[in-house]
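Enquirer: This is the structure, below, for whatever I ask next.
Derivation of every value follows stated rules applied to the coordinates shown; laboratory data play no part. These numbers were taken from a predicted model, which means no experiment stands behind them. Neighbour counts are summed over all protein chains in view; Cβ atoms, including those assigned to glycine, are modelled from backbone coordinates with ideal geometry.
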Amino acid sequence: MILLAPWMLLGLLALPVVWWLLHALPPAPRPQSFPPARLLRALSAAPPDATSAPPWRLLLRCLAVTLLVLGLAQPVFPRGQAGMDDADCLIVVDNGWAAAATWAPRIHALDGMLDHLSRTGHSARILLTAREDALAPVTVQPARQAQVLRGMIGPLLPRAWPVDRAAATRALAQLARQGWHGPVIYVSDGLATADDAGFAAALAAIGPVRDMQLPDSDITLLGPSANAGNGLATRVHAVPRAHPRTWQLRLETATGGTLGLLPVTLPAGQEHADVTPELPAELRNKVDHLSLDAMTGPASLRLLDERERQRPVGLIASASSDTPLMGSLFYLRRALQPVAELREGDLDALLARPLSVIIAPDGTLGSPDSRRKVEAWVRGGGTLIRFAGPLLIQGPDAPGQDRTHADTLLPVPLMGGEQVLGGTMSWSRPEHLAPFPASSPFHDLDIPADVTVSRQVLAQPSTDLDSHSWARLTDGTPLVTHTALGAGQVVLFHVTSTAEWSNLPLSGLFVGMLEHLIDQASGIETPAGTTMLAPYMVLDGDGALVSPPAGAQALRADAFGQTIPSPAHPPGLYGPRNSRRALNPGDGTPALAAQGPIGTVSDLRGQVADMTIGPLLLVLAALLLLADGALSVVQRGRRWGRGLAVALVLACPLAARADDIPPDVPRAALETRLAYIMTGHDGTDSVSREGLQGLSDYVNARTSAVLGHPDGVVPERDDLSYYPLIYWPVTADAATSPARTAALNTYMRHGGILLIDAQGQDPATAPDNASGYTGSAPGTAAALRRMTAGLDIPPLTRLDNRHVLAHTFYLLHNFPGRYDGMPVWVAQEGDSTNDGVSPVIIGSNDWAHAWAVDDSGNTPYAPVPDGADQRVLAYRFGVNAVIYALTGNYKADQVHVPALLKRLGE
C-alpha cells in the first residue's frame, strides 16, 4: 500500500486526546442538606446517567477517527504493475492500423502504467511508431511528468496507415546517442514487419524491454479477392491462429443501411479466406463499402469505387446469337461478363427494366417500331452501341428490314457497300488502328500491334466527321463513330461484333473499349494512368471518412490497388466524383504474420490503474459517526420513533416495484402491443421483433397512440385477443395446423388484423418484366398457399389510394417496405365482416426490414431503390395499418365526401 499524503497520519496523534475527552468526568457534586428531598424518595428513580462512555463506544469513535485520518492520507493499492520499474522510462506505442481494433484496452493499460508512474513521482517519454501525418517525423517526445502524459493519451487515436519501425529505429538511435538509458515499455500491435530486427536491437540498446501484448487479439484486414469477375469479391486476411475463426461480412450503403450479411470462416493455420457476394445489379451498385461485423478501425473496411460497380447492359438477342464462335453475342458476352450485369432478350423485355447501355448487333433493329422504342430510350439518357454487318450495308433491301423508314439510329451517314482491306481480290492489306485522339474515351488504352481490320462500312465524308470519330484506322477511315441524341448517345462500331471482319473482338482492346463506353454511359470518366488524383476524403483511425491530413499527396491513377497506404497517401477516396478511386488499407499489403517477442513479454490486459481506497475509508468513517450519533439519540430516550415511522412511510413507495403484477396477467392486457407470429427462424423472428419495435416507436412519436414492446406469439398456445395487429412473415418452410387455423380464424372474427408479408417476390411467380427492386424470396408463393389454407379470408382487391387504409392517418399513394413495386391486397369494400374492416393485409414488400431498429438505435437494412425516403413511406404505411387496426373504418365516410357534397348541392 502507498500513501499519497503520509503527513496526514499525524492526525493519529489525536487519538489519545479523543480517548481522554471521552473519559473526562465532570466535577464531583457538593453535598447539600435539603429536607424536602425526603418526599422525593418515594418516586421511582430515573435511569442514572452514565458517568463515562462504555468501552465499545470508545472503540467505535476511535475507529471512526482512525478511518478518517487514513482516508485523508490517500492510501493506494498497486494492481497489475508487478515487475514494473520505479524509474523514469520510455514508452513505445505502435499506433498503426493494426492496433485500431484493440485501441481501447491499449489506452486503458497505458493509463494504468502512467498512473503508477505518477504515484511514484517519475516521468516518462513516449515514442509513437506511426507518423502523425506526412509532415511530422517519428521522434521521441521530451520527458514529461506522468500525470501530464495521462491527459495527453486520452484523445490519442491510431493511424490508418502502417507503423514505420525503420523511422522509429532511427529515433531510438538518436536518443541513445544523447546518453539517455532506462527501462522501456513497448506496447506492440503484434504484427511483424521487415524492420523488426533492427527495431528490437535499438530498443535493447536503450534498456531492459518489457513487451506488452494482447495474445488472443485478431489482426484482420480486408482486401480485394483474386476473383476479378466480381468487384465485391473480398479476401479477409488475418494473422494465422491454431483455431478456426468466423466473422460476418456486412455489405453497407453510404447511409449505413445493410444490404447483405455473409459468414466468413478462416480455418486454423490459414492466412486468408475469400468470400464472393452475389447481388442483383440494382442492389450491388448501392453497396458503398464492406465491413467486418464487430470489428473497428480502418482495416475492417473496404471502400468501393466505380470500378467495382456492375452496370446493367442489355444485349438484343437474335436467332443466331447463340452460335458458338460465330454468334453475334458470343464475343460480347465474353468481353462484358466480368464488368457488367448482362441481360439478354428481345427489346421489350430489356426496356422493361432500368439499363445503362443497350448493345445491338447487326440486324437487331430492323423494324421501325423497335427503332422508335430505342430512340425514345436513348433520348431519355440511354446509350446505344451498334455493330455493323451485312444487313446494315444492305439497308432496306436486306431481308427482314423495313423498306419505308430510314434508319435514324446512326451517328453518321453511311456509304453504300463496304470497304474490303486485303484478300484475294484486293491490292490492299488489312489496316491497323491509328492512335486514339485525346477527346476519345479510349485515349488511355494501348493499341496492340496485331489488331487489324479487313472489312468495314464507310462513313460518308463530311466537314464534321472528325468530331464524330472516336477511333480510326491508319488510312483515316472511321472505326468507331458517335453522336448525341437527346440526353443520350448512339455509338457505332463500323465492324461486326464477331471476328468475321476484324480480329478486334479477339483482343483485350475490345474489352477495354466496351468497358470505357459503359463507364461513360454511367457518367464515369476513366482517368489516364499518369493522371494524378488528389485525396478527397480519407479514413481515420476509427474507420470514418474525414478531410485529408496535412501533407497528403495526389496519387497516379494506375497506382491504385498496388500502393500501400502511408501518411503521404492515406487510405480513402481520391479524385473527382466522376473518376473517383478508392485506396484501401489492404491494397498492396503483404501477408500478415505475428511479431516475435522483444524482451520480457507481459499481457497488456493485466495493466490496470492502481486502486485508491481513500474515498471508501472516508465513507466508512462517516457511517460510523452517524451510527454513533443515532445510538446517542436512542440512549437519551429521544422521541425518534415518530420520525422513523415517517421515514418508513416515505420509503415504502420507493420500495414498491412498478412491475409487481400478478404472474397470470399478460403484459398485453395492461398496455397496447403489436405482435408477430414466431417462425422458428432466429433471424426472421429477430427482424420481426426489431421491425415492430421500430414501428411502435414511430407510432408513439407521431400519434396519440401509446404502444408497448411487441410480443412474439404462437397462435396455438397464446391468447391473441389482446393484439389489434399481428405481423406474420412468410418463410419457405412455413406450415399450418388445424389448431393454428382455428385460433387465427377466431382472432379475425373478433376484429383482429393479420398483416401477412412474403418479404420479397418469389422468382417462380415473378413476371418477366418484374422490377429489380422486388427482392427475392424463393418458395414463398407455395408457402403462402399452405399458410392460408383453411383461413376465412374474404374476397380480396388490390389496395389503392381510395381505400380507407390509404388515408387513415397519412395520405398515401403507394405502400413500399424494404422493396417496392409489388401489390398489396385487402378485403373488398362492402364486405360485412368486421364492420367493413379488412381482417387481412397481404403483401410482399418486406415491411419488417424497413421498420427495423437495432439495439443501437440504427436502421440496419437499406430500402431499395429510394433509401431513406422509401423508409419514411414504409413507416407511414405502418402507422396507417396500426391506426386502421385500432379505430376501424371511422374514416370510411371521407371516401364518400364528394358524393355527399353533390347530393347536398342537389
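Enquirer: Net charge near Gly179, counting Lys/Arg +1 and Asp/Glu -1 over other residues with Cβ under 14 Å of its Cβ?
Expert: Taking every Cβ under 14 Å from that of Gly179, the sum is +1.
Enquirer: Also: Rounded, prolate or oblate: which fits the stretch 129-191, taking a ≥ b ≥ c as square roots of the Cα gyration tensor eigenvalues, rounded meaning a/c under 1.5, else prolate when a/b beats b/c?
Expert: The shape class here is oblate.
Enquirer: Residue by residue through the stretch 99-111, what is 3J(HN,Hα) from phi via Karplus (6.51 cos²θ - 1.76 cosθ + 1.60, θ = phi - 60°)? Round to whole Hz and write x for glycine and proline.
Expert: Calculated HN-Hα couplings, in order: 8, 5, 5, 10, 5, 4, x, 5, 5, 4, 5, 4, 4 Hz.
Enquirer: Here's something else I'd like to know. From the phi angles alone, apply the Karplus equation (6.51, -1.76, 1.60; θ = phi - 60°) to the stretch 559-576 and give each ³J(HN,Hα) in whole Hz, x where the residue is Gly or Pro.
Expert: Using θ = phi - 60°, the values come out as 9, 6, x, 10, 8, 6, x, 8, x, 6, 10, x, x, x, 10, 10, x, x Hz.
Enquirer: If the viscosity is 0.692 mPa s and the temperature 37 °C, what Stokes-Einstein diffusion coefficient in µm²/s follows for the stretch 245-380 when Rh is the Kirkwood radius over Cα pairs?
Expert: 185
Enquirer: So, one more: Simple spin-label model, 7 Å along Cα-to-Cβ: Thr276 to Asp86 in nm?
Expert: Spacing of the two 7 Å Cα→Cβ label points: 6.4 nm.
Enquirer: Would you calculate the separation in nanometres between label points at Gln337 and Arg702, each defined as 7 Å from the Cα along the Cα-to-beta-carbon direction?
Expert: Between Gln337 and Arg702, the label points sit 4.7 nm apart.
Enquirer: Would you please classify the overall shape of the stretch 211-261 from the alpha carbon gyration tensor, given that a ≥ b ≥ c denote the square roots of the eigenvalues, rounded means a/c under 1.5, and beyond that prolate means a/b larger than b/c while oblate covers the rest?
Expert: The shape class here is prolate.
Enquirer: Please give, to one decimal in nm, the separation of the simple spin-label points placed at Gln141 and Trp56, each 7 Å out from Cα toward the Cβ.
Expert: Spacing of the two 7 Å Cα→Cβ label points: 5.7 nm.
Enquirer: Can I ask one more? Under 5 Å between amide H atoms, partner at least 5 residues away or on a different chain: which partners does Leu533 have, H built in plane at 1.01 Å?
Expert: Distant-sequence amide H within range of Leu533: Leu555, Arg556, Ala557.
Enquirer: Computed over the Cα atoms of the stretch 149-270, what is the convex hull's projected area averaged over all directions, in nm²?
Expert: Values: hull surface 45.2 nm².
Over every viewing direction, the Cα hull of the stretch 149-270 projects on average to 11.3 nm².
Enquirer: Return the inverse of the average 1/r over all pairs of distinct C-alpha atoms in the stretch 438-526, which is the Kirkwood hydrodynamic radius, in Å to one decimal.
Expert: 13.8
Enquirer: Between Glu500 and Asp733, what's the calculated FRET efficiency when r is the beta-carbon distance and R0 is 30 Å? Round to 0.05.
Expert: It comes out at approximately 0.05.
Enquirer: Further question on the same structure: Amide H of Leu191: which non-local residues (sequence gap of 5 or more, or other chain) have their own amide H closer than 5 Å, using H built in the peptide plane?
Expert: Gln595
Enquirer: If eta is 1.002 mPa s and T is 20 °C, what Stokes-Einstein diffusion coefficient results for the stretch 99-222, Kirkwood Rh from Cα pairs, in µm²/s?
Expert: My calculation gives 140 µm²/s for D.
Enquirer: Hand me the GluC sites (Glu not before Pro) from the stretch 247-349 located in a DSSP loop with no more than 13 other Cβ atoms within 10 Å, in residue order please. Intermediate results must be reported in sequence, preceding the final value.
Expert: Values: sites: Glu252, Glu271, Glu278, Glu282, Glu306, Glu308, Glu341, Glu344; in loops: Glu271, Glu278.
Taking the stretch 247-349 and a limit of 13 other Cβ atoms within 10 Å, the loop GluC sites (Glu not before Pro) found are Glu278.
Enquirer: Which whole-Hz ³J(HN,Hα) couplings does the stretch 368-378 yield from phi under the Karplus relation 6.51 cos²θ - 1.76 cosθ + 1.60, θ = phi - 60°, glycine and proline marked x?
Expert: x, 5, 5, 5, 5, 5, 5, 4, 4, 5, 5
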